[in-house]
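The values are calculated or read from the model by the stated rules, or taken from the named source; none is laboratory data. Keep in mind that what you see is a predicted model, and the values were worked out from it rather than measured. Note: ideal-geometry Cβ built from the backbone for every residue, glycine included; neighbour counts use all protein chains shown.
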Amino acid sequence: MHYELIAFDFDGTLADSFACFRASLNVSAARHGFRALDDTLLDQARGLSARGVLQLLGVPLWKTPRITVEMRRQMTERAAQIRLFPGIDDTLRQLAARGVRIAVATSNAEGLVRATLGPACEVVTDFSCGLSVFGKKRKLAALIAAAGLRPEQTLYVGDEIRDAQAAQGAGIPFRGVSWGYTAPAALQQHCGAPLLERPEDLLAL
């Protein structure tokens with residue numbers, strides 16, 4: 001299937017940012033009084049959806065927007081610690097060379113995304129950043145509409161259960177990745193196709 005546009009999640013899909021994410025989360029945990037994501041909880045958290053992780057850590061939903069803003073700021077301050085996964089830069093460039101539009105749809109800050117992508121920014125046509133934790137469905141639908149495409153002409157690529165759910169809600173195909181935050185077995189349960197094992201697998205779609 002040839003896709004006209006491929007949209008990517010950022011954290012855990014394009015960028016290896018987990019250590020930075022975890023450090024930022026634990027700073028917020030100390031500030032707001034919820035459980036830190038320590039080693040005893042990590043395996044359990046990787047098998048859960050975003051809502052499940054919030055429940056595991058005892059984060060009140062009404063505090064989520066404020067905590068998200070704090071974490072974006074903290075992660076931006078740690079931007080130098082974040083790198084693209086191996087193969088991402090080359091894969092994005094090869095897709096763009098084939099005429100595929102590249103988008104990034106993420107709850108993280110656009111400045112951090114651009115800083116991490118570096119020169120690869122030149123092949124990204126659409127940045128939909130700073131979304132609420134559970135606001136991806138609406139943004140994906142808006143992205144498709146703005147591009148003048150049908151849902152089936154677009155693919156969303158992500159590493160979390162909420163990414164799969166957002167794509168389903170927007171009516172677009174989804175491919176999960178095996179190298180991200182969510183445990184592969186847990187993510188696969190929400191995917192209709194096998195997980196991508198490496199970025200280059202996108203070139204065979």
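Does ALA120 satisfy the criteria of being within 20 Å of ALA7 (Cβ to Cβ), of a type outside the set (S, T, N, Q) and either part of a helix (DSSP H, G or I) or not assigned by TED's automatic domain parsing to the domain that holds ASN26 (or both)?
yes
Looking at (1) more than 23 Å from LEU196 (Cβ to Cβ); (2) loosely packed, with under 14 Cβ neighbours inside 10 Å, which one does GLY130 not meet, given that it meets all the others?
Just one mismatch for GLY130, condition (2).
Based on what the data block shows, is LEU37 outside any helix (DSSP H, G or I) and crowded, with 17+ Cβ neighbours inside 10 Å?
Answer is yes for this residue.
May I ask you to verify whether GLY99 is more than 16 Å from ALA15 (Cα to Cα), in a loop (DSSP other than H, G, I, E, B) and at pLDDT 95 or above?
Taking the combined requirement at face value, the residue satisfies it.
Could you grab me the full set of residues in region 76-118 that are exposed (fewer than 14 other Cβ atoms within 10 Å of the Cβ) and among the aliphatic types (A, V, I, L, M)?
ALA80, ALA97
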